[in-house]
Amino acid sequence: MKALSYNIVLIGFMGTGKSTIARKLGYLYKMDVVEMDEEIARRQGMSIADIFAIHGEEYFRNLETGLLRKLKARGGCVVSCGGGAVLREENVALMKENGRVVLLTATPRTVYGRVKDNTRRPILNGNMNEEYIAALMEARRGKYEAAADVVIATDGKDIGQICGEIASFLRP
Ligand code: S3P
């Protein structure tokens with residue numbers, strides 16, 4: 001498929017498959033893939049958990065905003081956003097200025113199944129249960145939906161199917 005000049009921006013709660021789908025889309029469209037958490041950790045020389053522990057969430061959120069500003073200027077990337085990147089209106093504006101925003105969703109049960117053995121997400125440390133995930137997802141739902149140009153439910157679908165749905169949305 002032909003590379004796009006704008007960004008494909010994947011948003012959604014933790015564990016909805018943003019990184020996996022971004023890699024596959026990058027392969028299909030021959031576009032660079034930017035996994036925001038990975039990029040931030042690489043630039044800071046420390047893990048996301050350490051950034052939260054040492055500098056705090058606000059500092060991390062500022063790094064997200066800075067990176068989104070650079071990616072807007074760059075264009076032509078598949079961007080896998082951190083699950084909380086939509087919390088700031090400024091970030092959503094940056095995503096939309098040079099990108100199509102794709103929201104991936106999954107049920108709290110699916111998310112829990114995907115993230116439960118992972119300790120790298122500070123937001124869920126000490127809160128690793130389906131009830132907490134459901135409550136946080138619900139609290140953020142309005143932000144995700146307001147930011148999205150398209151919503152793709154991922155439960156029970158394979159990677160190919162999800163990418164196919166995204167591609168048909170992106171096709172002019
Ligand atoms: C966060 C999601 C994480 C990461 C950080 C905070 C959030 O990204 O940015 O731990 O607030 O939802 P993933 O959605 O890639 O796990």
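The figures follow:
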| item | result |
| --- | --- |
| Residues (open to solvent by 30 Å² or more (accessible area, probe 1.4 Å), within 12 Å of the ligand (Cβ to nearest atom) and not polar (S, T, N, Q)) located in the stretch 13-40 | Glu35, Asp37, Glu38, Glu39 |
| Members of the stretch 90-109 that are buried (at least 20 other Cβ atoms within 10 Å of the Cβ), of a type outside the set (A, V, I, L, M) and part of a helix (DSSP H, G or I) | Asn91 |
| Residue among Ala49, Ala85 that alone is within 13 Å of the ligand (Cβ to nearest atom) and open to solvent by 20 Å² or more (accessible area, probe 1.4 Å) | Ala49 |
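The values are calculated or read from the model by the stated rules, or taken from the named source; none is laboratory data. These numbers were taken from a predicted model, which means no experiment stands behind them. Reconstructed Cβ throughout: ideal geometry from the backbone, glycine too, with neighbour counts over all protein chains shown. What goes into the accessible areas is simple: the full protein's heavy atoms, side chains included, and nothing from ligands, DNA or RNA. Shrake-Rupley method; radii C 1.70, N 1.55, O 1.52, S 1.80 Å.
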